[in-house]
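All remarks here apply to the structure that follows.
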């Protein structure tokens with residue numbers, strides 16, 4: 001099969017992914033073998049490819065927003081058949097027995113493994129996935145449209161939960177890329193007033209089109225104190241901007257696996273029971289709830305499509321701000 005293989009990280013402009021022919025994988029017990037149809041391109045992939053995230057294995061096939069169809073079912077797998085359509089996200093495995101897993105917090109499992117980081121991912125024609133972390137997808141959504149839901153969508157949904165925003169509340173979104181584009185649709189569906197801060201005038205216009213009541217730059221303060229905020233930009237000073245915009249008792253949820261240095265800030269910005277919380281991965285419940293909600297709303301996605309052989313270019317476009325919505329690799333014809 002063909003795959004994009006990362007052997008050594010490096011600047012994406014140098015094309016560190018190698019388009020290669022590699023052996024087809026085989027499923028073990030509890031696993032599914034998928035023919036990959038589409039795989040979303042995530043900023044986490046970029047951070048891994050460029051070395052901001054230390055590689056857990058070399059070589060590795062990146063990609064963790066996978067849509068595919070089952071072509072082989074491993075031993076001890078129930079509920080899946082050949083031909084079923086499957087979605088797979090960032091969380092690739094967990095122990096199932098630790099104190100976190102036993103209370104529904106498998107996203108915090110100390111033995112968790114991650115798709116495209118600890119195990120080969122979806123930048124390939126075929127991939128093997130844990131059957132317990134394969135999800136059924138809204139039948140009305142195409143493979144290309146549903147792929148971005150499997151990371152940006154699910155993690156954005158968890159960020160909403162971590163922020164504590166309630167229906168009708170005042171929510172700030174700081175940064176307006178692919179994940180925020182999905183989160184705003186959930187928040188508007190819940191009747192929230194959404195305030196968006198982003199550097200790009202085009203993204204501000206898009207935010208208003210998707211239901212924001214205000215959109216401004218990072219140097220502007222939303223016109224009202226916020227009940228909660230989510231930051232999507234992987235830079236620490238944006239977290240402080242969000243914190244400055246909170247009402248008493250509000251929460252900033254950081255939607256990022258990698259963040260540059262947090263600047264020093266005055267304690268008065270945090271006082272009055274404001275909080276800063278990180279968002280780590282997702283649980284199976286998050287994925288199931290969000291995918292059901294995505295079908296109910298229904299969630300709209302905006303995608304830019306690339307071929308599997310164009311993965312380096314897709315990541316470069318993402319880094320340089322040329323992706324509007326979400327980049328998706330079309331691996332097969334569906």
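The values are calculated or read from the model by the stated rules, or taken from the named source; none is laboratory data. All values derive from a computational prediction rather than experimental measurement. Because the Cβ atoms are built from the backbone with ideal geometry, glycine has one as well, and the counts that use them run over all protein chains shown.
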Only one of 187, 207, 233 is at pLDDT below 95, outside any strand (DSSP E or B) and buried (at least 24 other Cβ atoms within 10 Å of the Cβ); which? 233
Name, by its number, the condition in (1) out of contact with any strand residue (DSSP E or B) (no Cβ under 9 Å at 6 or more places or on another chain); (2) within 29 Å of residue 187 (Cβ to Cβ); (3) in a helix (DSSP H, G or I) that does not hold for residue 298. (3)
From the set of residues in the range 1-52 that are more than 22 Å from residue 129 (Cα to Cα) and in a loop (DSSP other than H, G, I, E, B), which is modelled with the lowest pLDDT? 52
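When you scan the range 274-288, do you find a residue that is over 20 Å from the mean Cα position of the chain (by Cα) and over 30 Å from residue 145 (Cα atoms), even just one?
Yes, the conditions are met somewhere in the range 274-288.
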Among the residues of the range 133-147, are any in the same structural domain as residue 23 (by TED's automatic domain parsing) and more than 30 Å from residue 211 (Cβ to Cβ)? yes
Please verify whether residue 329 is crowded, with 21+ Cβ neighbours inside 10 Å, assigned to a helix (DSSP H, G or I) and touching a strand residue (DSSP E or B) at 6+ places or on another chain (Cβ under 9 Å), treating the condition exactly as stated. no
So for the range 236-259 (the condition being over 20 Å from residue 325 (Cα atoms), over 23 Å from the mean Cα position of the chain (by Cα), assigned by TED's automatic domain parsing to the domain that holds residue 170 and part of a helix (DSSP H, G or I)), does at least one residue qualify? yes
Per the filter on the range 190-204, residues in a strand (DSSP E or B) and touching a helix residue (DSSP H, G or I) at 6+ places or on another chain (Cβ under 8 Å) are 194, 196, 197
Mind telling me which of the residues 105, 93, 116, 79 ends up being touching a residue at least 12 places away in the same chain (Cβ under 8 Å) and under 23 Å from residue 296 (Cβ atoms)? 79
